[in-house]
1. Which is surrounded by 12 or more Cβ atoms within 10 Å (Cβ to Cβ), within 18 Å of TRP27 (Cα to Cα), of a type outside the set (Ser, Thr, Tyr) and at pLDDT 95 or above, of ILE111, ILE90?
2. If I ask for residues that are acidic (Asp, Glu) and within 15 Å of GLN75 (Cα to Cα), which ones from the stretch 95-128 would you list?
3. Do we have SER79 as within 14 Å of the ligand (Cβ to nearest atom), of a type in the set (S, T, N, Q) and either surrounded by fewer than 21 Cβ atoms within 10 Å (Cβ to Cβ) or assigned to a helix (DSSP H, G or I) (or both) here?
4. Given the criterion of a type outside the set (D, E, K, R), within 16 Å of the ligand (Cβ to nearest atom) and within 20 Å of VAL17 (Cβ to Cβ), identify the matching residue among ILE86, ILE90, ILE64.
5. Looking at (1) over 25 Å from VAL20 (Cβ atoms); (2) in a helix (DSSP H, G or I); (3) more than 11 Å from the ligand (Cβ to nearest atom), which one does ALA107 not meet, given that it meets all the others?
6. Does the stretch 33-61 hold any residues that are part of a strand (DSSP E or B) and either away from the ligand (no atom under 14 Å from the Cβ) or more than 18 Å from ALA120 (Cα to Cα) (or both), and which are they?
7. Can you name the condition, by its number, that GLN136 falls short on among (1) at pLDDT 95 or above; (2) under 18 Å from the mean Cα position of the chain (by Cα)?
Amino acid sequence: MNKRKTIALVAHDNRKVDLVEWVQYNWKKLKGHKLICTGTTGKLVSEAFEKKVKATEDIIPEIIRLKSGPLGGDQQLGSMIATGEIDIMIFLWDPMEPQPHDVDVKALERIAVLYNIPMASNRATADFMISSELFQADYTPALKDYASYINRKV
Ligand SMILES: O=C(CO)COP(=O)(O)O
């Protein structure tokens, strides 16, 4: 992944305030990257940037909004991870409430682990991640070799 990263930002409803606060706090570090969000999260992230940018006349970063999570947005993100289009994911999921699309949430987390995508599930990890020198550097995550699986006898 390059210095300019493609960063997925996603939050469940009970974690959206946390994510918006985090974006507002870190907007200067985020503004040079490309942001991909699930639908409702993306709306809030865009609004958070608009507020910050209005005060400084800075430019809003590229923010792409996918479908809302329960309507397929998590699956869209998982597909983008599988095709190498996402570098980092901040996914503040809710540990206290079951989601109608729990299977999609699990699938998204699984695919992020499979492709060795740096993934923060809570705000403290997101803080550590954005403070890492790797956040602004070129970095190639090591991928496991699945050749023996792909070429297995079936
Ligand atoms: O449900 C989500 C992640 O699983 C997030 O979706 P929204 O950003 O559309 O609320």
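The values are calculated or read from the model by the stated rules, or taken from the named source; none is laboratory data. It should be emphasised that the depicted structure is a prediction, and the values quoted were computed from it without experimental measurement. Cβ placement follows ideal geometry from the backbone for every residue including glycine, while neighbour counts extend to all protein chains displayed.
1. That would be ILE90, the only listed residue that is surrounded by 12 or more Cβ atoms within 10 Å (Cβ to Cβ), within 18 Å of TRP27 (Cα to Cα), of a type outside the set (Ser, Thr, Tyr) and at pLDDT 95 or above.
2. At the first step, the residues of the stretch 95-128 found to be acidic (Asp, Glu) are 97, 102, 104, 109, 127.
Within the stretch 95-128, ASP102, ASP104, GLU109 meet the criteria.
3. Here the answer is no, as SER79 does not meet what is asked.
4. Going through ILE86, ILE90, ILE64 in turn, just one is of a type outside the set (D, E, K, R), within 16 Å of the ligand (Cβ to nearest atom) and within 20 Å of VAL17 (Cβ to Cβ): ILE90.
5. It is condition (3) that ALA107 fails.
6. Taking the stretch 33-61 and keeping what is part of a strand (DSSP E or B), we get 34-37.
Result: LYS34, single match.
7. Evaluating GLN136 over (1) at pLDDT 95 or above; (2) under 18 Å from the mean Cα position of the chain (by Cα) leaves (1) as the failure.
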